[in-house]
Structure formats: structure tokens, C-alpha cells
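Below is one structure, written out as C-alpha cells; comments come after it.
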Ligand code: AMP
């Protein structure tokens with residue numbers, strides 16, 4: 001497995017792979033790999049001849065008070081895990097090569113970035129869309145793999161690809177969880193023992209929403225109220241949002257119908273955690 005730092009060398013390698021007739025899969029990441037990242041790498045490995053994982057803690061998607069400096073980094077461990085997953089190449093650029101000064105060009109996806117994490121993290125999705133557009137140019141892949149753990153991000157990338165005519169298939173992969181349901185995240189490392197236990201309430205609140213929907217509840221505000229009440233039972237967990245939005249434009253819904261994204265974000269100690277599930281109620285039609 002190669003580790004490439006230069007954007008121009010990376011582009012040359014991918015062009016050569018394409019000239020050889022190989023299909024190219026890209027997995028964009030910020031590193032500190034866990035089973036969620038590895039599931040994306042395995043999916044990419046199965047579906048492509050040449051697999052590139054980008055590993056870049058992207059400064060433009062962090063707010064000034066956020067954890068850019070503290071974000072966990074361990075290239076040696078990541079390289080070993082990626083190699084074991086059958087990755088061909090890690091693209092690990094330097095910040096100054098991705099954002100040479102003066103850097104003036106950004107990509108803004110509107111609409112789907114307004115609510116949820118977009119509301120509490122101004123500029124976050126501008127940074128995400130910008131770095132992903134750059135990665136798509138440096139690594140012109142056939143397919144790019146993203147985790148549904150970051151569901152809003154998946155929607156932002158889908159819009160980016162559609163609206164700016166990127167010739168790339170966006171593959172969304174399911175959320176990988178710990179045994180007790182906590183969604184895997186590089187940021188889970190920030191959790192103290194008690195916080196780690198309390199953090200499972202995010203997943204438990206999503207399960208509650210799923211149960212209520214399965215029992216026929218269709219009033220979104222009743223479901224989110226019950227989720228908030230459950231989350232309030234964990235004093236170490238400070239909810240940021242608990243929302244039901246349509247899985248499309250990500251606008252709040254009153255009724256649960258069609259495809260609905262139930263999404264939560266909360267602070268637990270030093271960590272800001274997110275989780276979600278997509279309720280698929282399409283077979284009920286639009287009725288009532
Ligand atoms: P990150 O390194 O946190 O930016 O994540 C890189 C990619 O891995 C993103 O597409 C994430 O959505 C995905 N990812 C992160 N955590 C998980 C998880 N628990 N399950 C599935 N995918 C994940």
C-alpha cells in the first residue's frame with residue numbers, strides 16, 4: 001500500500017489506473033480508523049479495482065471553537081488497518097498543499113445544509129463540500145463511499161455531485177455500532193467511562209422512535225418529545241437537537257410518512273456526538 005502526500009502525484013496515479021481500465025473507489029476520511037471506516041473500505045474493495053482512502057483532517061470544516069487541533073491522529077496505526085482492509089493507496093496531503101495561500105474558492109450547498117448540524121456548526125458543510133469537491137478532482141473515482149452515520153453529509157454530497165455534474169457514484173453505507181448500540185466515531189475516544197455509558201441514550205432514543213413508529217405513531221412531535229424525555233434521563237448528556245426531517249430536503253416534518261430521517265446530536269463531556277436512523281414508511285403511501 002502506498003502513502004501519497006502530493007495532490008499532483010495522486011492525480012497521476014489515478015489517471016494511470018483509469019488508463020489501465022481499472023475502476024477506482026474513493027473513501028474520504030479524517031483518519032483514526034474504527035470499524036465504521038473499515039466497512040467503507042471493504043465495500044470499496046469489493047466493488048473496485050483500485051481503492052484510495054483519503055486521510056485528511058480538514059481545517060475548513062471545523063469552527064474556531066471546535067476540536068481541529070485535538071482531533072485524534074495516528075497515521076501508523078491507520079496505515080496498518082487500511083493495508084489489512086486491502087486498500088491500495090492512502091492520500092494524506094498536507095494542509096498547505098490542499099489550501100495553498102491565498103485560498104479563495106469554496107463550494108456552498110444550500111438548503112440541505114440549513115438545519116441539523118448545519119444550524120449548530122456554521123460553515124461546517126461549506127468546508128465539507130469544498131474538500132470533497134477538491135478530493136473528487138484529485139482522485140477522479142468511479143465511486144465514493146460515505147457513511148450514513150453522517151446522514152446530512154451524505155445528502156450534501158449527493159446534491160454536490162448532482163448539481164455540479166461530478167461523474168461519480170455516491171455509495172451510502174450503513175452505520176456501524178458498538179455492541180451496546182453506540183455509533184462508532186473517532187470522537188468516542190473523548191468519552192470518560194460514565195459518559196461512555198450515558199452516551200448509549202442517543203441510540204436508545206432512536207430505537208424508541210422506531211418502536212413508536214412501528215406501533216403506528218405518526219405524529220413527529222410526539223416521537224421527538226418522547227426521545228427528548230428519554231435523553232433527559234441521562235444528566236451527562238446535553239441534547240443539541242432531536243429532529244424528524246424528510247430524507248430529501250431535510251426539512252422538519254409534522255407527520256411521519258415516506259422516508260423520514262430521525263436525527264440527534266448531543267454533547268457528552270468533551271465530545272459532540274450525532275446519530276440517526278431512516279424510517280422507511282413509503283409503502284403506506286401519502287394517505288390520511
Ligand atoms: P470521518 O473520518 O469521521 O470523517 O468519517 C469518514 C467516513 O466514515 C464518513 O463517510 C463517515 O460517515 C463514515 N463513518 C464514520 N463513522 C461511521 C460509522 N460508525 N459507521 C459507518 N460509517 C461511518
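Every condition in (1) surrounded by fewer than 19 Cβ atoms within 10 Å (Cβ to Cβ); (2) in a strand (DSSP E or B) is met by residue 90 except one, and the failing one is (1). Which residues, counting only those in region 233-249, are touching a helix residue (DSSP H, G or I) at 6+ places or on another chain (Cβ under 6 Å) and under 23 Å from residue 219 (Cβ atoms)? If the condition is that a residue be touching a helix residue (DSSP H, G or I) at 6+ places or on another chain (Cβ under 6 Å) and under 23 Å from residue 219 (Cβ atoms), then 239, 240, 242, 244 are the ones that fit. Checking each residue in region 141-151 for being part of a helix (DSSP H, G or I) and crowded, with 23+ Cβ neighbours inside 10 Å picks out only 151.
Looking for something without any contact (Cβ under 8 Å) to a residue 60 or more places away in the chain and outside the structural domain of residue 72 (by TED's automatic domain parsing) - is there at least one such residue anywhere in region 262-273? Yes, region 262-273 has at least one match. Take the conditions (1) in contact (Cβ under 8 Å) with a residue 12 or more places away in the chain; (2) assigned to a loop (DSSP other than H, G, I, E, B); (3) within 16 Å of the ligand (Cβ to nearest atom); residue 68 misses just one of them, which is (1). Within region 198-218, can one find any residue that is closer than 15 Å to residue 265 by Cβ, surrounded by fewer than 17 Cβ atoms within 10 Å (Cβ to Cβ), touching a strand residue (DSSP E or B) at 6+ places or on another chain (Cβ under 9 Å) and at pLDDT 95 or above? No, every residue in region 198-218 fails to be closer than 15 Å to residue 265 by Cβ, surrounded by fewer than 17 Cβ atoms within 10 Å (Cβ to Cβ), touching a strand residue (DSSP E or B) at 6+ places or on another chain (Cβ under 9 Å) and at pLDDT 95 or above.
Looking at this structure, is residue 259 more than 24 Å from residue 192 (Cβ to Cβ), within 24 Å of the chain's Cα centre (by Cα) and modelled with pLDDT of 95 or more?
Working: more than 24 Å from residue 192 (Cβ to Cβ): yes; within 24 Å of the chain's Cα centre (by Cα): yes; modelled with pLDDT of 95 or more: yes.
So residue 259 passes the test.
Tell me whether region 74-82 contains one or more residues that are assigned to a strand (DSSP E or B), on the phi < 0 side of the Ramachandran plot and either without any contact (Cβ under 8 Å) to a residue 40 or more places away in the chain or in contact with a helix residue (DSSP H, G or I) (Cβ under 7 Å, 6 or more places away or on another chain) (or both). No; the residues of region 74-82 include none that is assigned to a strand (DSSP E or B), on the phi < 0 side of the Ramachandran plot and either without any contact (Cβ under 8 Å) to a residue 40 or more places away in the chain or in contact with a helix residue (DSSP H, G or I) (Cβ under 7 Å, 6 or more places away or on another chain) (or both). Just give me the residues in region 133-142 being within 15 Å of the ligand (Cβ to nearest atom) and touching a helix residue (DSSP H, G or I) at 6+ places or on another chain (Cβ under 6 Å), in sequence order. Once the filter is applied, which keeps residues that are within 15 Å of the ligand (Cβ to nearest atom) and touching a helix residue (DSSP H, G or I) at 6+ places or on another chain (Cβ under 6 Å), region 133-142 yields only 139.
Is it fair to say residue 26 is surrounded by 13 or more Cβ atoms within 10 Å (Cβ to Cβ) and either out of contact with any strand residue (DSSP E or B) (no Cβ under 6 Å at 6 or more places or on another chain) or within 25 Å of residue 167 (Cβ to Cβ) (or both)? Yes: the conditions hold for residue 26.
Here residue 63 meets each of (1) in a loop (DSSP other than H, G, I, E, B); (2) in contact with a strand residue (DSSP E or B) (Cβ under 9 Å, 6 or more places away or on another chain) with one exception, condition (2). When we screen 89, 117 for residues that are farther than 27 Å from residue 248 by Cβ, touching a strand residue (DSSP E or B) at 6+ places or on another chain (Cβ under 7 Å) and modelled with pLDDT of 95 or more, the only hit is 89.
Tell me the residue from 73, 42 that is under 22 Å from residue 134 (Cα atoms), under 20 Å from the mean Cα position of the chain (by Cα) and either modelled with pLDDT under 95 or outside the structural domain of residue 270 (by TED's automatic domain parsing) (or both), please. Step through it out loud before you land on a result.
Working: 42 fails: under 22 Å from residue 134 (Cα atoms).
When all the criteria are applied, what remains is 73.
Consider region 1-32. How many of its residues are under 15 Å from the mean Cα position of the chain (by Cα) and free of Cβ contacts under 8 Å to residues at least 60 places away in the same chain?
Let us first name the residues in region 1-32 that are under 15 Å from the mean Cα position of the chain (by Cα), namely 26-32.
Add one more test, that the residue is free of Cβ contacts under 8 Å to residues at least 60 places away in the same chain, and what stays is 29.
So the count comes out to 1.
For region 33-65, a tally of residues being buried (at least 21 other Cβ atoms within 10 Å of the Cβ), within 20 Å of residue 97 (Cα to Cα) and more than 11 Å from the ligand (Cβ to nearest atom) returns 1.
The values are calculated or read from the model by the stated rules, or taken from the named source; none is laboratory data. Remember, predicted model here, so these are calculated numbers, not experimental data. We place every Cβ from the backbone using ideal geometry, glycine too, and count neighbours over all the protein chains shown.
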